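To keep things clear, I will list the structure first and then write my remarks on it.
All of the numbers you see were taken from the coordinates with simple rules; none came from a lab. Given the structure is predicted, the values throughout are model-derived calculations rather than measurements. Every residue, glycine as well, gets a Cβ built from its backbone with ideal geometry; the counts of neighbours run over all protein chains shown.
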Amino acid sequence: MAQCTDPSLEEEDFDDAPELLDCDNDAAWEDDDVKREVRCLFCERIFSSAEETYSHCRSQHQFTISKVIAEHGLDFYGYIKLINFIRSTNCTAESLCHVTSPKPWDKEEFFRPVMDDDLLLQYDVEDMEHDGTGSHNTDPNEPSLEDRCKEADSRAQAAEAKLASALEELQKMRQLAQDFVMNADVRCGPSSAGAIADLDENEDGAYFSSYGHFGIHEKMLKDAVRTESYRDFMYQNAEIFKDKVVLDVGCGTGILSMFAAKAGAKKVIGVDQSEIIYNAMDIIRLNKLEDRISLIKGRIEEIDLPVEKVDIIISEWMGYFLLFESMLDSVIYAKDKYLAAGGTVYPDRCNMSIVAVCDPKRHAGKLAFWDDVYGFTMSCMRKAALPEALVEIVYRDTIISHPFIIKDINCQTTSIKDLDFSSDFSLSITRDGECTAVAGYFDVLFEKDCHTPVSFSTSPKCKETHWKQTVFLLETPIVVNAGKTLDGKITVCKNRKDPRSLIVTLSLQNLNQTYTLQ
């Protein structure tokens, strides 16, 4: 070592010199960055590392990330989507135990991080030796985590652009299909009902998506006639539900499932394909009913229930004019596959009725309007407007006949092919006037084994519901007289182009008119 040769530098002169850092002291080189934190996937606990977080998830939530990765064969990108899916939907660890293909997180939208600088997204899924799932990848050619995240973000943005374009094209195709149906000479009847029911149309995405919005559920829950009837049926007939296993088809926010649990059901399984199921999971937890209610996302036709059979099936499946949306098909499927011998479907009966309507003002507003539009005739628009069935309130003072039941449905025994039907009818006229339309409505009954039967009606003479009534305008009003009858025939069937919509044909006084309800 070189020695100091300057005699003027005495040893004591070094006493005030700044102390040199010990190069072997690693702590001296550590930066002063703020500690990074990571939130648990299923609660509000905060941890300082991904390892601590996953250890907590394993012990407190029975969620082992390595097992989930191994079970579903997730690569790095699948892992990223899983974490973002859990954070964005706030699902429970329990709900992930019932996941089937296709996996709900397997969408491009879940490439986008939910939390900024999420430590869990920076965790190398291949570095899980402690979980026994694999060893660390030391390949120097492997892209860095940052590069992979950037690539994932880029892919997500590209996927979003493609999705927007695809949705635009889909809307154009739907419009073309609707125009085709409107202009075609559509006829159907019982002979074609089976073929229509068996069609495998891939248009359910838009249908289930519509039930993912909060507005429609708020509207249904605020319908006191609907919701209180289901509640009263279950609470006033609690002996039916005591210690039973109940399946709720199309559970939505879970309100019927919670009614069933409160009525004494031992176990309730709610199934729904729409995104509202994740909010329902939170609702169930908030009401501390997760020990008795389990929710599964998916179509009842495509999932497997955690039980072989159920004792009761409940569902609010009714659509406009009762059969619109074809959700009863799913209830029938569930009944045939899962209902135990001696079990019951509720509601157990429904019927459809029609009445004659005299409302010249509304008729003129819908059809005669086109004869003179600001001095111009647009009468050709009548042909386009007439076939569209209207969903609106029918005022009781416009009803000019007694009702006629065109279809009685026993939910215990009906089959899908029975839901396409024809019926002759005879409307007994109660006062003189012009029949400008025929209106349809339905009644719902809870009767089988009930100590206190419950029912409700969507009749124009009863309290208004969100279903309102379905109106079929006549192109030319028919003069009718009190004491006489207006005889005809009605045919109802699924639309070949869109099985969730309906085609209705009315035959009156040798005149035929076909309507669509969509």
| Hey, what's the Kirkwood Rh for region 254-388 if you take every pair of different alpha carbons, in angstrom? | 18.6
| said: Checking the table Lys335/Lys448; Lys103/Lys262; Lys407/Lys468 against a 27 Å threshold on Cα-Cα, which pairs fail? | reply: Lys103/Lys262
| field | Inter-label distance for Ser154 and Arg36, nm, one decimal - labels placed 7 Å from Cα along Cα-to-Cβ | value | 2.2
| How many nm is it between the label spots at Glu228 and Tyr395, if each spot is 7 Å from the Cα in line with the beta carbon? | 2.6
| note | Exposure-ranked with fewest Cβ neighbours within 10 Å first, Cys462, Cys411 stand as Cys462, Cys411
| message | Give me the net charge for the shell around Arg349: Cβ to Cβ below 10 angstrom, other residues only, Lys and Arg +1, Asp and Glu -1. | response | -3
| message | About the Cα centre, and with charges only on the beta carbon of Lys, Arg (+1) and Asp, Glu (-1), how big is the dipole of region 190-517? Nearest 20 debye, please. | response | 520
| remark: Over its alpha-carbon atoms, region 190-517 yields an Rg and a Dmax in Å of 21.2, 69
| remark: 1/(1 + (r/R0)^6) with r = Cβ-Cβ of Ala385 and Leu170, R0 = 30 Å, i.e. FRET efficiency to nearest 0.05, evaluates to 0.75
| said: Quick one: 3J(HN,Hα) in Hz for region 435-450, Karplus 6.51/-1.76/1.60 with θ = phi - 60°, rounded, Gly and Pro as x. | reply: 7, 9, 6, 10, 10, x, 8, 9, 10, 10, 10, 10, 10, 4, 6, 8
| query | Hey, rough spin-label estimate for Ser426 and Lys463, points 7 angstrom out along Cα→Cβ, what's it come to in nanometres? | reply | 3.6
| If r is the Cβ-Cβ distance from Ile303 to Met378 and R0 is 41 Å, what FRET efficiency results, to the nearest 0.05? | 0.25
| field | With 5 Å bins from 0: P(r) over region 264-321, alpha-carbon pairs, percent | value | 4, 15, 25, 26, 19, 8, 2, 0
| field | Whichever lysines have a C-alpha closer than 22 Å to that of Lys497, once near sequence neighbours (fewer than 8 apart) are set aside | value | Lys172, Lys383, Lys417
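Roughly speaking, what is the stretch gain from Glu44 to Thr476, that is 0.36 nm per residue apart minus the C-alpha to C-alpha distance, in nm to one decimal?
In short, 148.9 nm is gained.
Order by neighbour count: Lys244, Lys383, fewest other Cβ atoms within 10 Å first, most last.
Lys383, Lys244
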| What ranking, highest mean first, results for peptides 374-380, 116-122, 310-316, 296-302 when packing means the other Cβ atoms within 10 Å averaged over each residue? | 310-316, 296-302, 116-122, 374-380
